[in-house]
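These notes concern the structure reproduced below.
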Amino acid sequence: MKTLLYITVNSKPEHSSACKSVGRVFVNEFKAKYPDYEINEFDLYDISIPKLKCQYFNQQSSLVDVNDSSLSKAETETLNRIIELAQEFKAADFYVFAVPLWNMLFPSPLKEYLDCVIQNDITVKVSPDKITGLLSDKKRIAVYIQSSGGPVPWIIEGKVSHGTTYIKDILKFIGITEYYEILVDKTGYTEKEQQKAIDKGIKQVKTLVKKL
């Protein structure tokens, strides 16, 4: 069975979050079209994301063996968690991120998560002269849904919204080249403004799911 990872990065409940509201519509529309997919969803504010400390790596930028006797029980558990996150990400076929734009980027848990899943011999291959992404071994698709209070004009998007450019580049780096964005911008300060932005995002969702 194929798997869709639905990754949200917002501590707000879904009904209060523009990106989560649009993300939920995407997941529901996608599931209706592709009922054979298993949906695995989580919010990065709610799960354990390890801090990447030096004792978890050897000199080749690879994770140490989980049976390394120098590791404490807690460190071994953390190392296993890093491997679990990386393997889970690699096993998926479709990725949907629902993320707010904060200070020209995304919330920090997303960067911590990506640092965990990008590991040598799992999602990348590190050699002396290059790093190769390993996720081009099968068809994978990613959709990045981003909400923002103000408009993000395409002509200056790369200057004010580093989240979208980073995500697109890092996914391409590890081998995921089919990438789509849904920008839920102009959420404003009132419920009316937010709902208008959500409705616009939902229209984009429906158009995209038809194309997939």
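Some notes on this structure:
- Residue satisfying all of: in segment 135-145; outside any loop (DSSP other than H, G, I, E, B) and touching a helix residue (DSSP H, G or I) at 6+ places or on another chain (Cβ under 7 Å); nearest to GLY188 (Cα to Cα) among these: ILE145
- Exactly one residue out of TYR45, TYR6 is at pLDDT 95 or above, in contact with a strand residue (DSSP E or B) (Cβ under 9 Å, 6 or more places away or on another chain) and assigned to a loop (DSSP other than H, G, I, E, B): that is TYR45.
- Exactly one residue among SER61, SER21 is surrounded by fewer than 17 Cβ atoms within 10 Å (Cβ to Cβ) and either on the phi > 0 side of the Ramachandran plot or part of a helix (DSSP H, G or I) (or both), and that residue is SER61.
- Qualifying positions in segment 84-111 - under 11 Å from the mean Cα position of the chain (by Cα) and in a helix (DSSP H, G or I): PHE89, PRO109, LEU110, LYS111
- Cβ pairs under 9 Å, 6+ apart, first in segment 123-134 and without any contact (Cβ under 8 Å) to a residue 60 or more places away in the chain and assigned to a loop (DSSP other than H, G, I, E, B), second surrounded by 12 or more Cβ atoms within 10 Å (Cβ to Cβ) and of a type in the set (Lys, Arg): THR123/LYS90; LEU134/LYS90; LEU134/LYS125
- If the condition is being closer than 20 Å to GLU112 by Cβ and either touching a His at 6+ places or on another chain (Cβ under 9 Å) or not hydroxyl-bearing (Ser, Thr, Tyr) (or both), then segment 8-22 contributes VAL9, ASN10, LYS12, CYS19, LYS20.
- Any pair with Cβ under 8 angstrom, 6 or more apart, that starts in segment 44-60 at a residue that is closer than 18 Å to SER72 by Cα and ends at one that is exposed (fewer than 10 other Cβ atoms within 10 Å of the Cβ) and among the polar types (S, T, N, Q): GLN55/SER70
- Subset of segment 29-43 (residues that are over 16 Å from ILE7 (Cβ atoms), in contact (Cβ under 8 Å) with a residue 12 or more places away in the chain and open to solvent by 80 Å² or more (accessible area, probe 1.4 Å)): LYS33, ASP36
- Residue ID - modelled with the highest pLDDT, chosen from residues in segment 177-201 that are buried (at least 18 other Cβ atoms within 10 Å of the Cβ) and assigned to a helix (DSSP H, G or I): GLY201
- Residues satisfying the stated conditions in segment 64-86, i.e. open to solvent by less than 50 Å² (accessible area, probe 1.4 Å) and either aliphatic (A, V, I, L, M) or touching a residue at least 60 places away in the same chain (Cβ under 8 Å) (or both): VAL64, VAL66, LEU71, LEU79, ILE82, ILE83, LEU85, ALA86
- Given (1) open to solvent by 40 Å² or more (accessible area, probe 1.4 Å); (2) of a type outside the set (A, V, I, L, M); (3) touching a strand residue (DSSP E or B) at 6+ places or on another chain (Cβ under 7 Å); (4) more than 29 Å from ASP137 (Cα to Cα), number of the condition PRO100 does not satisfy: (1)
- Within segment 1-28, residues that are of a type in the set (Gly, Ala, Ser) sit with their Cβ atoms under 7 Å from residues that are open to solvent by 30 Å² or more (accessible area, probe 1.4 Å) and assigned to a loop (DSSP other than H, G, I, E, B), at 6+ positions apart or across chains, in these pairs: SER11/TYR45.
The values are calculated or read from the model by the stated rules, or taken from the named source; none is laboratory data. Computed from a predicted structure; not experimentally measured. Glycine gets a Cβ as well: all are built from the backbone with ideal geometry, and neighbour counts include every protein chain shown. Remember, those area values only see protein heavy atoms, side chains included, never the ligands or the DNA or RNA. Shrake-Rupley method; radii C 1.70, N 1.55, O 1.52, S 1.80 Å.
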